[in-house]
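Q: Have a look at the structure that comes next, please.
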Amino acid sequence: MAGTYGVDDACFIACRKGHWSRVWGSPRVPPQGPALAWSCGALDHARPACRMAADFATTSVDSSMIEYDRKKWFRSVFSYRGTALRRAGGRVLAFTVYAIVVQAAYEVGTQIGGLNVSWFFGLKSSGWVVLGTLLGFLIVFRMNASNARYWEGRSAWGQIINSSRNLVRVGVAHTHDGAALADLVAGYVISLRRSLQGNLDMDETEVFLPEELRQQAARFGNPPTAVAFAMSAWIERQYRSGQLGAQLVRQMEEQLSKLVDSQGACEKILKTPLPFVYVVMIKQLILVYLITLPFVVGDECGWWSPVVMAIVALGLFGMEEASVETEDPFGTDENCLDMVTYTITIARDTGQTASAKAQPVPQPTP
């Protein structure tokens, strides 16, 4: 199961809200994930915020993205979950039944009725070979376009992770309020993930963001933008208090700008689907090709024509569905990006950075 984090990760996210050090291997922490919602309550300094954060970690780490072993060929071949067969299976079955009906009509008409239907079932295959080749190129082109969108989204989230770490690292190292910045960054990436999935409420960020900011963000058409503005305001306050110089402010604003740029890249992918005319044309060509295919292979393949139909339909519908699923990499399908894991990673890493300042730096042994 992808995106499953251990007790240490979840408890750290929880307990950092109380500004406590990370607890490693505490015997009072239950070893199983479902118990994390109350695990921090067993700690000496547990508070409601700690339990809320543990509940956030528990409910969010489970994602639907499939992890698989690239070296186990047969296990991948015979997989069903996450494959196009789940979405295309009904259409494949329908066209297979259609091929059986057409072949049965051909057999009854020629062998029982004595009809001469060779003019209809003896169509030359050269035209369908050309059409099939063209259709294959069009589907592969769409798959490449969807794959490019998928990896562009992954690259954007990679930049979000890196910029989040850099922003918090500088803020924690040079100010006395780095924990607040770490909370803002965690709230930002959570609100961004939910926004990309069409959910604009801020409930999941209550552990990290103050109530006033959450209400303000909820009134925005784009909640992550409100949180990004709050991060700029935090930088400005540190500058006015003298904790940040102009050069550090510029560096932090550059990292914040990279976050917002990556947000824009994700929103560009989300709000710019492939052109409708192109998508419909592929579907229409698939329909025409499969409807006429039994009349091309029926005379030559006989009762094997439904098998041919099933294989061809699976290939065409499967490739199309694969491109449809990866076209939106921010959804909740099994092949979409694991944004839950990304947000948990950022919350964990920024929290560890914020707490590290309270720990003495080990000195090298002479």
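The values are calculated or read from the model by the stated rules, or taken from the named source; none is laboratory data. Being a predicted model, the structure only gives us computed values, none of them experimental. Cβ sites come from the backbone with ideal geometry, for glycine too, and all protein chains shown count toward neighbours.
Q: Suppose we filter the range 122-148 for residues that are in a helix (DSSP H, G or I) and either of a type in the set (A, V, I, L, M, F, W, C) or over 22 Å from GLY315 (Cβ atoms) (or both); how many remain?
A: Within the range 122-148, residues that are in a helix (DSSP H, G or I) and either of a type in the set (A, V, I, L, M, F, W, C) or over 22 Å from GLY315 (Cβ atoms) (or both) number 14.
Q: Another question, then. Name the residues in the range 301-311 that are farther than 22 Å from GLY89 by Cα and either in contact (Cβ under 8 Å) with a residue 12 or more places away in the chain or in contact with an Asp or Glu (Cβ under 6 Å, 6 or more places away or on another chain) (or both), would you?
A: First, the residues of the range 301-311 that are farther than 22 Å from GLY89 by Cα: 301-302.
Within the range 301-311, GLY302 is the sole residue that qualifies.
Q: Could you list, in sequence order, all residues of the range 291-316 that are closer than 24 Å to ALA145 by Cα and not small (Gly, Ala, Ser)?
A: VAL312, LEU314, LEU316
Q: Now for a different question. Being of a type in the set (Val, Ile, Thr) and either within 15 Å of the chain's Cα centre (by Cα) or farther than 26 Å from TYR239 by Cβ (or both) is the filter here, so list the residues in the range 141-178 that pass it.
A: Answer for the range 141-178, where residues must be of a type in the set (Val, Ile, Thr) and either within 15 Å of the chain's Cα centre (by Cα) or farther than 26 Å from TYR239 by Cβ (or both): ILE160, ILE161.
Q: Okay, next question. If you take just the helices (runs of 4 or more DSSP H) that sit entirely in the range 241-351, which of them hold at least 3 residues that are under 20 Å from the mean Cα position of the chain (by Cα) and either more than 20 Å from ALA228 (Cβ to Cβ) or among the polar types (S, T, N, Q) (or both)?
A: Counting at least 3 such residues, we get 305-327.
Q: Right, here's the next one. Which residues, taken from the range 205-220, are charged (D, E, K, R), assigned to a helix (DSSP H, G or I) and in contact (Cβ under 8 Å) with a residue 12 or more places away in the chain?
A: ARG214
Q: Just to be sure I understand, how many residues within the range 179-209 are small (Gly, Ala, Ser) and within 19 Å of the chain's Cα centre (by Cα)? Walk me through it before giving the result.
A: In the first step, residues of the range 179-209 are kept if they are small (Gly, Ala, Ser); the result is 179-180, 182, 186-187, 191, 195, 198.
Retained after the next criterion (residues that are within 19 Å of the chain's Cα centre (by Cα)): 186-187, 191, 195, 198.
The total comes to 5.
Q: Hey, among VAL312, VAL324, which residue is within 30 Å of ILE190 (Cβ to Cβ) and surrounded by 13 or more Cβ atoms within 10 Å (Cβ to Cβ)?
A: The conditions single out VAL324.
Q: Residues being hydrophobic (A, V, I, L, M, F, W, C), out of contact with any helix residue (DSSP H, G or I) (no Cβ under 6 Å at 6 or more places or on another chain) and over 15 Å from VAL168 (Cα atoms): count how many of those fall in the range 222-240.
A: 1
Q: Can I ask one more? Kindly indicate which of PRO224, PRO275 is within 27 Å of TYR150 (Cβ to Cβ) and surrounded by fewer than 13 Cβ atoms within 10 Å (Cβ to Cβ).
A: Among PRO224, PRO275, only PRO275 is within 27 Å of TYR150 (Cβ to Cβ) and surrounded by fewer than 13 Cβ atoms within 10 Å (Cβ to Cβ).
Q: Just the residues that are of a type outside the set (Gly, Ala, Ser) and surrounded by 20 or more Cβ atoms within 10 Å (Cβ to Cβ), please, taken from the range 154-168.
A: Listed by number, the residues that qualify are TRP157, ILE160, LEU167, VAL168.
Q: I've got another one for you. Considering the range 140-164 alone, what residues qualify as being at pLDDT 95 or above and either closer than 15 Å to ALA347 by Cα or of a type in the set (S, T, N, Q) (or both)?
A: SER155, TRP157, GLY158, GLN159, ILE160, ILE161, ASN162, SER163, SER164
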